[in-house]
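See structure below.
The values are calculated or read from the model by the stated rules, or taken from the named source; none is laboratory data. Bear in mind that the values here come from a model prediction, so they are computed numbers and not experimental data. Here the Cβ positions follow ideal geometry from the backbone for every residue, glycine too, while neighbour counts run over all protein chains shown.
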Number of protein chains: 2
Amino acid sequence: MIGKGGCTVSEACNSCSAAGTCTGESCSNEPKLTDAQKASHIDKIIAVMSGKGGVGKSSVTSMLAVSLMRQGYKVGILDADITGPSVPRIFGVTGRAGVSKTGILAPQSRDGIKLMSLNLMIETEDDPVILRGPLITQIVNQFYTEVVWGDLDYLLIDLPPGTGDVPITVFQSLPVDGVVMVTSPQSLANMVVRKAIKMVRNYKPPIYGLIENMAYVQCSDCNHRMEVFGKPQGKDEAERTNIPFLGELPLDPTLAQLSDAGKVEDYQSPVFDQIAKRLAEEIKKHSGEKLA
Amino acid sequence: MIGKGGCTVSEACNSCSAAGTCTGESCSNEPKLTDAQKASHIDKIIAVMSGKGGVGKSSVTSMLAVSLMRQGYKVGILDADITGPSVPRIFGVTGRAGVSKTGILAPQSRDGIKLMSLNLMIETEDDPVILRGPLITQIVNQFYTEVVWGDLDYLLIDLPPGTGDVPITVFQSLPVDGVVMVTSPQSLANMVVRKAIKMVRNYKPPIYGLIENMAYVQCSDCNHRMEVFGKPQGKDEAERTNIPFLGELPLDPTLAQLSDAGKVEDYQSPVFDQIAKRLAEEIKKHSGEKLA
């Protein structure tokens, strides 16, 4: 791939802030891969984004990881929500990440998903991380460059809400292959997700599709379907913004319980399996479009 | 109040980044009130915070504003969620904020609640705000110092999720009187809310109490009560963290519909009225403890 400055952009440029814009000359000072990066090979990086908080982005990221892992892929999750990390809790992973000469060692979930999250770096999981943007983005960058991910087919990045520092850094500095958008039925959530879609389009990675979470609740007593956040509008929203609609998910108390218990890997959802299948097709369509 | 540097901290210091830490000498260069601040008198500033996104912080802020307004108070909302603003949509306020010689004019809701939000400063509500922390916090500061709030009994600040730039700036630079915490039943949300509680305690404004939102859904067909996010645990959480428990709210489809339609001022909730009453008592207890 040729950068704006006319240079050849290689994988080695990924950790360089001037990647894609430097000239041949300045490139003589080539960005160096860290030992952790040399020890890792990540095939596809997928960012999961919503814009609005609380639409179940971390749940969707986790379910997606589980689904890919069940299909035999090697999967990692980079929890980029530094001030509100929830991935370790969902997988029941506690304790702290180890360190080797090569870099930070990503702990594994029960079934072998590699995880990195700020909550695996601190003493107590409810200690707050009171940091401003520059430090937060430095941590996110380190989770990519200093963690020994090893061989991964997929690295999923769980982005925090909003279109601020972390998503900017992830889209600018990490070689993201594509994005999965998550929304919930409220017009309000869709308004914010449209902001996120417009942001991603500024940075150009393809959007694989939109998932509408919490579309309805099924009464556990009478099976009545209730649209607690309003009428699902994900399909229309996807058409309007011209991205594939991957499907809708219910607000499922079982998932909440399993997530709280750190047992998301026990969750079975034929509905989500369908979504994961559609997503796999979309990823395949974009294969070879690596946007470093 | 005496600052760390030994100086006297006055209201005039609020807009100064060195407030509370400067020495008498550096204070000779006294921070000046803006024209907008001179034209405003705000009695109480309450920050609404959750740590985790999507627990209904903006809904609670809005309902609280409506409840105070119905009691005859003059109320404003500063939407500090710069990259995911939702307050104007909830109140059906569109268009852009005006400007006068004195400062930015906060648009009013149908029933007279003054609002300031990034979405009132941009052309199209779904345009993304792709800004890093320093600019975002500058905007939040300006929403306080450059907006002609006029006479207000209460200014509610709707904080974004997390414990990053915006909450840091709000607690460091604005004379917040107290904080309302919002959570939802998931242990995960409670873990993140504990981070927020610990953060607030670093900055010392009192926490008036905890509201547990989305505690249950009532089936519209058979009235069965479902705890879709798991067993409510707000009361226990409040006891554990030693803050007053203000009450629990259902996940109410009517509120979602009215919020989407911009008609939150039509929402009636006896349950919330009780919560607002308890909150008023807590605020009264802390009166006179202004923490500039």
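Worth pointing out:
- Filtered by the rule that a residue be assigned to a loop (DSSP other than H, G, I, E, B) and polar (S, T, N, Q), region A:111-142 gives A:Ser117, A:Thr124.
- Number of the exception - B:Arg278 against (1) of a type in the set (Lys, Arg); (2) within 14 Å of chain A (Cβ to nearest Cβ); (3) surrounded by 14 or more Cβ atoms within 10 Å (Cβ to Cβ): (2)
- Hits in region B:202-244 (condition: surrounded by fewer than 20 Cβ atoms within 10 Å (Cβ to Cβ), free of Cβ contacts under 8 Å to residues at least 40 places away in the same chain and over 28 Å from A:Gly92 (Cα atoms)): B:Asn202, B:Tyr203, B:Gln218, B:Cys219, B:Ser220, B:Asp221, B:Cys222, B:Asn223, B:His224, B:Arg225, B:Pro244
- Members of region A:80-139 that are under 23 Å from A:Lys263 (Cβ atoms) and polar (S, T, N, Q): A:Ser86, A:Thr94, A:Gln108, A:Ser109, A:Ser117, A:Asn119, A:Thr124
- Of the residues making up region A:256-265, those that are crowded, with 21+ Cβ neighbours inside 10 Å and within 29 Å of A:Pro206 (Cβ to Cβ) are A:Ser259, A:Val264.
- Checking A:Met214, A:Met226 one by one, the residue that is touching a Cys at 6+ places or on another chain (Cβ under 8 Å), within 11 Å of another protein chain (Cβ to nearest Cβ) and among the hydrophobic types (A, V, I, L, M, F, W, C) is A:Met226 and no other.
- Taken together, B:Ala18, B:Ala65, B:Ala39 contain a single residue that is among the small types (Gly, Ala, Ser) and at pLDDT below 95, which is B:Ala18.
- Residues satisfying the stated conditions in region A:136-182, i.e. closer than 18 Å to B:Ile130 by Cα and aliphatic (A, V, I, L, M): A:Ile136, A:Val140, A:Leu159, A:Val166, A:Ile168, A:Val170, A:Leu174, A:Val176, A:Val179, A:Met181
- All positions within region B:36-59 that are of a type in the set (D, E, K, R) and either outside any helix (DSSP H, G or I) or farther than 16 Å from B:Val140 by Cβ (or both): B:Lys38, B:Asp43, B:Lys44, B:Lys52
- Across region B:244-255, a minimum of one residue is classified as among the hydroxyl-bearing types (Ser, Thr, Tyr), assigned to a helix (DSSP H, G or I), in the same structural domain as B:Ser62 (by TED's automatic domain parsing) and under 24 Å from B:Leu68 (Cα atoms).
- Failed condition for B:Ser187, given (1) surrounded by fewer than 23 Cβ atoms within 10 Å (Cβ to Cβ); (2) modelled with pLDDT of 95 or more: (2)
- Check on A:Ala196, more than 18 Å from the chain's Cα centre (by Cα) and of a type in the set (A, V, I, L, M, F, W, C): no
- Selection count, region B:110-134, where residues are over 20 Å from B:Ala36 (Cα atoms), touching an Asp or Glu at 6+ places or on another chain (Cβ under 7 Å), more than 10 Å from chain A (Cβ to nearest Cβ) and not basic (Lys, Arg): 1
- Test: residue in region B:163-175 that is away from chain A (no Cβ under 12 Å), surrounded by 21 or more Cβ atoms within 10 Å (Cβ to Cβ) and more than 12 Å from B:Ile45 (Cα to Cα): no
- Pick from region A:94-129, criterion of a type in the set (Val, Ile, Thr) and in contact with a strand residue (DSSP E or B) (Cβ under 9 Å, 6 or more places away or on another chain), ranking: surrounded by the fewest Cβ atoms within 10 Å (Cβ to Cβ): A:Val99
- Flag not set for B:Gly150, criterion: small (Gly, Ala, Ser) and buried (at least 24 other Cβ atoms within 10 Å of the Cβ).
- Entry remark, region A:51-91: residues being within 13 Å of chain B (Cβ to nearest Cβ) and over 10 Å from the mean Cα position of the chain (by Cα) number 17 in total.
- Of all the criteria given as (1) at pLDDT below 95; (2) more than 7 Å from chain A (Cβ to nearest Cβ), the one not satisfied by B:Ser220 is (2).
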